[in-house]
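Structure first, commentary second.
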Amino acid sequence: MTGLLNIVADPATFATVLRVMTPLLIAALGILISDRAGVFNLGMEGMMLTGALVGVLVSAWTGSAWLGLLAAVVAGGLMGALMAFAVNTLGANLIITGIALNLAASSGTTLGLFFATGDKGMSGALKSGVMPSIDLAVLGSIPVIGPFVSGHNVLTYGALLAVPLVSLMMARTAFGLRIRAVGVDPKAAATVGISVKLIQLKALILSGVLGGMAGAYLSMGYVSWFAQDMTAGRGFIAIAIEVMGMGTAWGTLAATVVIAIAETLAITMQTLGLPNELMQMIPYVVPIVILTIWTARGRAKRAALK
Amino acid sequence: MTDRRDDGERAAGPAPVVAFDHISKTYANGTVALRDVSFSIPARTIHAICGENGAGKSTLMKILFGLEGPTAGQVLLDGQPVSTATRDFAGRHGIGMVHQHFSLIPTLSVTENIILGHEPKKGVLIDRAAARAKVEALSQRYGLAVDPDAITGRLPVAAQQKVEILKALSRDTRVLILDEPTAVLSPPEINELFSRLRDLRDHGITILFISHKLNEVRSLAESVTVLRAGQVAGAARLADVPDNMIMQMVMGRPVEITRREPRQVTGEPLLVMSGVSLASRDPADRLRDIDLVIHPGEIVGVAGVDGSGQRGLVSLVTGAARPGAGSISFDGEDMAAASTERWRARGMAHLPSDRFTQGGVPALTLIENAIAGTDGDRRFQRGPFLRGGAISEAVAGMVEDYSVRALSIGERLDSLSGGNVQKLIAARELATEPRFLIADQPTRGIDVAAAAFIHKRIVDAAERGAAVLLVTADLDELLRLSDRVVVMFGGQITAVLANEAHLTPERLGPFMLGLEDMP
């Protein structure tokens, strides 16, 4: 028991939670934007994976982690645009398009890695960049709290800053209002002269930009290399998180914290000698349990209304 | 019929706000929705547009609202020809529309709904203070009180309609179209709406009021244009014409009707509904206090303008809905909570109004459509396997009996004409020798020969002792087949009439339009 307490009170544990949170939060916010616009981005996993590879390659070629991030973000945005084109212009099914993007990204990144390095598994041979960590000079020197708040990756701060920004965009800008209108009733939105396709295109590009950023964090922050299928289902966990967050940015943050704590427990409690496999189940079991409870409660509420 | 074209021109002075000039509209599938429609609407008036469903009212309003373009002819605003069907046409020309099914987003606030598409901005953000002020100003100017911060979907329907009107007025609107706005309102709410609309007219807004309820048209509008079958059937100032003349324009000329030999029905009724009500999200499906009996061998025809509750009535006796109150019994058995399966097991057969979404599956073959619903039938099934030979033989028999014209029974259903599809569905439904037949618009949109054939089969079923519920918008068909006629209006039965020689469409009209009520 004291072992557990030590883990919880350790700034290192807190840092782990933030590290785990960062890609999930960015990706979930990306899904949120697409979901509210009525074009659920099921291709998030593929966008993250593509962003992760492109970031590593471009940072290795240019020697700049920031240029790597920029390239990852552009790649994600292009994938979002491709998804919008397939769905809205060509009339493809949204779900199938998302799955297709994921499958294409999985093998496409392996192929890209092979062409760039001659290796199909890892990019270890490349000298790729890492996004810097930031020391908050004054805050960092505060006793007790300092070690908790300072010294994290720039994208971690970026992810946390994205929460109020996305919230503000959805609630207070014309673009956010139109996204919310289009997602609920595209026909009604069209009668006031809104172009539904344009709003959905913009929403998916933005969603892809965030996906590329989440991927870049994985390969240039979380670790410093690209590995085959390194997203390991985070794009799908982000989907579960977005649903748990009930389509709001702050709800998504709360859900991300819960999942990240569960995942951190899974990592750190392996040191306590509990069965590894049992711990690794936690991040997957938690969303299932929470979503089951919420769905059941929603049903009960609707039934009570009748 | 009247000197309608001269109406606008005779009034000297400014050009009429809206003028339709020889508008025709033919859809890609060949349906002619409008044929050479010309009339004009003077400024600052309330003008009603009347007509039955399918008369072309909605198409004409879609053209004026800019959602569709005409095939021929043009729309003139203030005497100037304009090209419709361009992006944001209505917004740019100050035309607002209150849709029958509101175009509001339920999850947004009242203010958000009203500013949507033309949001006032301060930097990158929406200027919420300006938006709120705008809504309050609109609300005050036109006397339409709403809470700007309420979530729209949580408001009662009458309040949502106010929001819809404010939204339609929010962009310097001078022409306001209202499509059947009273369908969702109670009588006091209707009075309130009408006095608000008169205020709007006094503020200089020209109002187009689309309705099929003559009493409402008379109490609100100054002039009326009647459309029938895509053409202008007449136009008049309401002060100048009596009700029955407008009705004549709406319904068209009476047709010679050959009635079926009257039958004496005896014995106990088969279907008994008493005090039945039905709650529904769609007001057109709601029913109130329905009493209806049908005897074996009797054809009861249901008349009424579309959306008067017919769909709700059919859903109750086919097991698609459960009544909120009242009782339904069939052959003495309580069927209020019966499923479709149970209704069918008791001998119910159903010719649905929409033959391609409810009657059959367009992409399946004639064979598959003809045996739909027979699963478990030993003739067609052995263990889990279908008996192809026996099925083909039975379906070929049906196709021959009902003279369905098809190249082969292996064809897709949607390769057939409407009349042949309906004959196949009739063959399937009547093959079961039903005790209770529901024929919902059985001959809508099919050719005369096929219609006559289906009429004969319906009469045959009744003569074999089936109780028949015939729902139809075709009054000719109604009077041809029915032994008894019930008229529905606003979810209630407003009249029950024996189908005798003096019963004419003119006699039914006032009940169908809610002008008269039989206690």
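The values are calculated or read from the model by the stated rules, or taken from the named source; none is laboratory data. On a predicted model such as this, the values are computed, not experimentally measured, just so you know. A quick note on method: Cβ atoms are made from the backbone with ideal geometry, for glycine too, and the neighbour counts reach across all protein chains shown. Protein only, heavy atoms only, side chains kept; ligands, DNA and RNA dropped before computing areas. Shrake-Rupley method; radii C 1.70, N 1.55, O 1.52, S 1.80 Å.
Looking at (1) modelled with pLDDT under 95; (2) buried (at least 18 other Cβ atoms within 10 Å of the Cβ), which is the only condition A:Gly63 fails?
(2)
Output the number of residues of the stretch B:144-162 satisfying the condition of being free of Cβ contacts under 8 Å to residues at least 60 places away in the same chain, open to solvent by less than 40 Å² (accessible area, probe 1.4 Å) and either of a type in the set (Lys, Arg) or closer than 17 Å to B:Ile205 by Cβ (or both).
Here the count works out to 1.
Quickly run through the stretch B:424-441 and pick out the residues that are of a type in the set (D, E, K, R) and at pLDDT 90 or above. Before the answer, list the steps.
Start the filter on the stretch B:424-441 by keeping residues that are of a type in the set (D, E, K, R), which leaves B:428-429, B:433, B:435, B:440.
Hits for the stretch B:424-441 are B:Arg428, B:Glu429, B:Arg435, B:Asp440.
Quick one: would you say A:Leu32 is aliphatic (A, V, I, L, M), buried (at least 16 other Cβ atoms within 10 Å of the Cβ) and in contact (Cβ under 8 Å) with a residue 60 or more places away in the chain? Please lay out each step first, then the result.
Details: aliphatic (A, V, I, L, M): yes; buried (at least 16 other Cβ atoms within 10 Å of the Cβ): yes; in contact (Cβ under 8 Å) with a residue 60 or more places away in the chain: yes.
Yes: the conditions hold for A:Leu32.
What is the residue count in the stretch B:132-142 for residues that are closer than 16 Å to B:Asp199 by Cα and open to solvent by 40 Å² or more (accessible area, probe 1.4 Å)?
Within the stretch B:132-142, the first condition is being closer than 16 Å to B:Asp199 by Cα, and the residues that meet it are B:137-142.
The next check asks that each one be open to solvent by 40 Å² or more (accessible area, probe 1.4 Å); those that pass are B:137, B:140-141.
Counting residues in the stretch B:132-142 that are closer than 16 Å to B:Asp199 by Cα and open to solvent by 40 Å² or more (accessible area, probe 1.4 Å) gives 3.
Name the residues in the stretch B:53-94 that are within 13 Å of chain A (Cβ to nearest Cβ), surrounded by fewer than 21 Cβ atoms within 10 Å (Cβ to Cβ) and not in a loop (DSSP other than H, G, I, E, B), would you?
Those that are within 13 Å of chain A (Cβ to nearest Cβ), surrounded by fewer than 21 Cβ atoms within 10 Å (Cβ to Cβ) and not in a loop (DSSP other than H, G, I, E, B): B:Met61, B:Lys62, B:Phe89, B:Gly91, B:Arg92.
Assess whether A:Leu177 counts as being open to solvent by less than 40 Å² (accessible area, probe 1.4 Å) and at the interface with another protein chain (Cβ under 8 Å from one of its Cβ atoms).
Working: open to solvent by less than 40 Å² (accessible area, probe 1.4 Å): yes; at the interface with another protein chain (Cβ under 8 Å from one of its Cβ atoms): yes.
Yes: the conditions hold for A:Leu177.
Please determine whether any residue of the stretch A:108-118 is without any contact (Cβ under 8 Å) to a residue 24 or more places away in the chain, open to solvent by less than 60 Å² (accessible area, probe 1.4 Å) and of a type outside the set (Phe, Trp, Tyr). Walk me through how you get there before you give the answer.
Taking the stretch A:108-118 and keeping what is without any contact (Cβ under 8 Å) to a residue 24 or more places away in the chain, we get A:111, A:114-115, A:117-118.
Checking which are open to solvent by less than 60 Å² (accessible area, probe 1.4 Å) leaves us with A:117-118.
Okay, now just the ones that are also of a type outside the set (Phe, Trp, Tyr), so A:117-118.
Yes, that holds for at least one residue.
So A:Lys202 fits all but one of (1) more than 11 Å from chain B (Cβ to nearest Cβ); (2) in contact with a Leu (Cβ under 9 Å, 6 or more places away or on another chain); (3) among the basic types (Lys, Arg); what number is the exception?
Tallying (1) more than 11 Å from chain B (Cβ to nearest Cβ); (2) in contact with a Leu (Cβ under 9 Å, 6 or more places away or on another chain); (3) among the basic types (Lys, Arg), A:Lys202 fails exactly one: (2).
Count, please, the residues in the stretch A:152-174 that happen to be within 14 Å of chain B (Cβ to nearest Cβ), part of a helix (DSSP H, G or I) and polar (S, T, N, Q). Walk me through it before giving the result.
Of the residues in the stretch A:152-174, the ones within 14 Å of chain B (Cβ to nearest Cβ) are A:164-174.
Now drop any that are not part of a helix (DSSP H, G or I), which leaves A:164-172, A:174.
Now narrow it down to the ones that are polar (S, T, N, Q): A:167.
Qualifying residue count, the stretch A:152-174: 1.
Taking the criterion of being of a type in the set (Asp, Glu), open to solvent by less than 80 Å² (accessible area, probe 1.4 Å) and over 24 Å from B:Thr340 (Cα atoms), would at least one residue in the stretch B:404-413 satisfy it? Working first, answer last.
Let us first name the residues in the stretch B:404-413 that are of a type in the set (Asp, Glu), namely B:411.
After this cut, where a residue has to be open to solvent by less than 80 Å² (accessible area, probe 1.4 Å) as well, the list is B:411.
Those still in the list that are over 24 Å from B:Thr340 (Cα atoms) too: B:411.
Within the stretch B:404-413, one or more residues are of a type in the set (Asp, Glu), open to solvent by less than 80 Å² (accessible area, probe 1.4 Å) and over 24 Å from B:Thr340 (Cα atoms).
Go through (1) more than 14 Å from every other protein chain (Cβ to nearest Cβ); (2) assigned to a helix (DSSP H, G or I); (3) touching a helix residue (DSSP H, G or I) at 6+ places or on another chain (Cβ under 7 Å); (4) farther than 26 Å from B:His212 by Cβ and name the single condition B:Val146 misses.
Here B:Val146 meets the rest and fails (2).
Do you know which residues across the stretch B:414-432 are free of Cβ contacts under 8 Å to residues at least 40 places away in the same chain and open to solvent by 50 Å² or more (accessible area, probe 1.4 Å)?
So in the stretch B:414-432, the residues free of Cβ contacts under 8 Å to residues at least 40 places away in the same chain come out as B:415, B:417, B:419-420, B:423, B:431.
Within the stretch B:414-432, B:Ser415, B:Ser417, B:Ala431 qualify.
Quick one: is B:Gln100 assigned to a helix (DSSP H, G or I) and under 25 Å from B:Glu192 (Cβ atoms)?
Values: assigned to a helix (DSSP H, G or I): no; under 25 Å from B:Glu192 (Cβ atoms): yes.
So B:Gln100 does not fit the description; no.
From the residues in the stretch B:95-108 that are polar (S, T, N, Q) and within 10 Å of chain A (Cβ to nearest Cβ), which one is most open to solvent (accessible area, probe 1.4 Å)? Give the derivation first.
Just the residues of the stretch B:95-108 that are polar (S, T, N, Q), to begin with: B:100, B:103, B:107.
From what is left, the residues that are within 10 Å of chain A (Cβ to nearest Cβ) are B:103, B:107.
Details: B:Ser103: 11, B:Thr107: 81 Å².
Here the answer is B:Thr107.
Which pairs turn up if I take residues in the stretch B:271-293 that are of a type in the set (S, T, N, Q) and look for partners that are buried (at least 19 other Cβ atoms within 10 Å of the Cβ) with beta carbon separation below 8 Å, at least 6 apart in sequence or on another chain?
Here the result reads B:Ser277/B:Leu287; B:Ser277/B:Ile290; B:Ser277/B:Pro323; B:Ser280/B:Gly312, each pair linking the stretch B:271-293 to a residue that is buried (at least 19 other Cβ atoms within 10 Å of the Cβ).
Looking at B:Ala501, B:Ala452, B:Ala439, B:Ala462, which one is out of contact with any Lys or Arg (no Cβ under 7 Å at 6 or more places or on another chain), open to solvent by 20 Å² or more (accessible area, probe 1.4 Å) and under 26 Å from B:Tyr402 (Cβ atoms)?
None of the other options fit; the residue is B:Ala452.
Return the only residue of A:Met79, A:Met83 being at pLDDT 95 or above and open to solvent by 10 Å² or more (accessible area, probe 1.4 Å). Talk me through it step by step, then tell me what you get.
Values: A:Met83 fails: open to solvent by 10 Å² or more (accessible area, probe 1.4 Å).
Checking each option against the conditions leaves just A:Met79.
Looking only at helices (runs of 4 or more DSSP H) that lie completely in the stretch B:184-273, which have at least 1 residues being at pLDDT 85 or above? Show your work before the answer.
On the way: elements: B:187-202, B:214-220, B:243-251.
Result: B:187-202, B:214-220.
Tell me whether the stretch A:52-63 contains one or more residues that are part of a helix (DSSP H, G or I), within 23 Å of A:Ala254 (Cα to Cα) and not aliphatic (A, V, I, L, M).
Within the stretch A:52-63, the subset part of a helix (DSSP H, G or I) is A:52-62.
After this cut, where a residue has to be within 23 Å of A:Ala254 (Cα to Cα) as well, the list is none.
Among the residues of the stretch A:52-63, not one is part of a helix (DSSP H, G or I), within 23 Å of A:Ala254 (Cα to Cα) and not aliphatic (A, V, I, L, M), which makes the answer no.
If we keep just the residues of the stretch B:198-230 that are of a type in the set (Gly, Ala, Ser) and out of contact with any strand residue (DSSP E or B) (no Cβ under 7 Å at 6 or more places or on another chain), which is nearest to B:Lys57 (Cα to Cα)? Steps first, answer last, please.
Taking the stretch B:198-230 as the starting set, the residues that turn out to be of a type in the set (Gly, Ala, Ser) are B:204, B:211, B:219, B:221, B:223, B:229-230.
Going one step further and asking which of them are out of contact with any strand residue (DSSP E or B) (no Cβ under 7 Å at 6 or more places or on another chain), we end up with B:204, B:219, B:229.
Values: B:Gly204: 24, B:Ser219: 20, B:Ala229: 10 Å.
Within the stretch B:198-230, the match that is nearest to B:Lys57 (Cα to Cα) is B:Ala229.
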